[in-house]
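Here is the structure we will look at, set down as structure tokens.
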Amino acid sequence: MFRCPAQSTFPAVEAFVKGRMEEGFIIIAPSNKYLQSMTARQRRKAKGIQLRIIKLVSPAGTVSVLLTNLLNKSNFPKKEIVELYFRRWE
């Protein structure tokens with residue numbers, strides 16, 4: 001899990017932030033620069049990474065997002081993901 005800026009970031013994150021949803025799933029596609037460093041065979045196999053995204057809005061109105069590979073909402077509810085993120089300062 002990591003916090004990601006809401007602007008000047010992955011296109012999938014920017015598109016999600018513009019929407020109304022507070023959480024969902026996105027796919028981070030490999031960048032063209034990354035793909036150019038690969039062989040043609042590797043490029044054919046390259047796939048995006050599916051991540052769960054959670055939008056956070058601070059009391060001041062600043063928007064940021066959490067990205068995680070903990071995809072199962074039943075086992076890892078949004079509230080627990082957010083609490084886990086903020087526990088890193090304890």
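Rule-based calculations on the coordinates, nothing more; no lab input. Being a predicted model, the structure only gives us computed values, none of them experimental. All Cβ positions, glycine included, derive from the backbone under ideal geometry; neighbour counts span all protein chains shown.
Descriptive notes on the structure:
- Residue tally, condition of a type in the set (D, E, K, R) and either surrounded by 13 or more Cβ atoms within 10 Å (Cβ to Cβ) or in contact (Cβ under 8 Å) with a residue 40 or more places away in the chain (or both), over segment 22-72: 5
- Test: residue in segment 5-18 that is under 16 Å from the mean Cα position of the chain (by Cα), assigned to a loop (DSSP other than H, G, I, E, B), surrounded by fewer than 10 Cβ atoms within 10 Å (Cβ to Cβ) and of a type in the set (Ser, Thr, Tyr): yes
- Enumeration of residues in segment 46-63 that are under 30 Å from Gln36 (Cβ atoms) and either in contact with a His (Cβ under 9 Å, 6 or more places away or on another chain) or not β-branched (Val, Ile, Thr) (or both): Ala46, Lys47, Gly48, Gln50, Leu51, Arg52
- The set of residues from segment 30-60 being closer than 23 Å to Ile81 by Cβ and of a type in the set (Gly, Ala, Ser) comprises Gly48, Ser58, Ala60.
- Selection count, segment 19-37, where residues are assigned to a helix (DSSP H, G or I) and polar (S, T, N, Q): 2
- Of all residues in segment 30-66, those being touching a Leu at 6+ places or on another chain (Cβ under 9 Å) and aliphatic (A, V, I, L, M) number 8.
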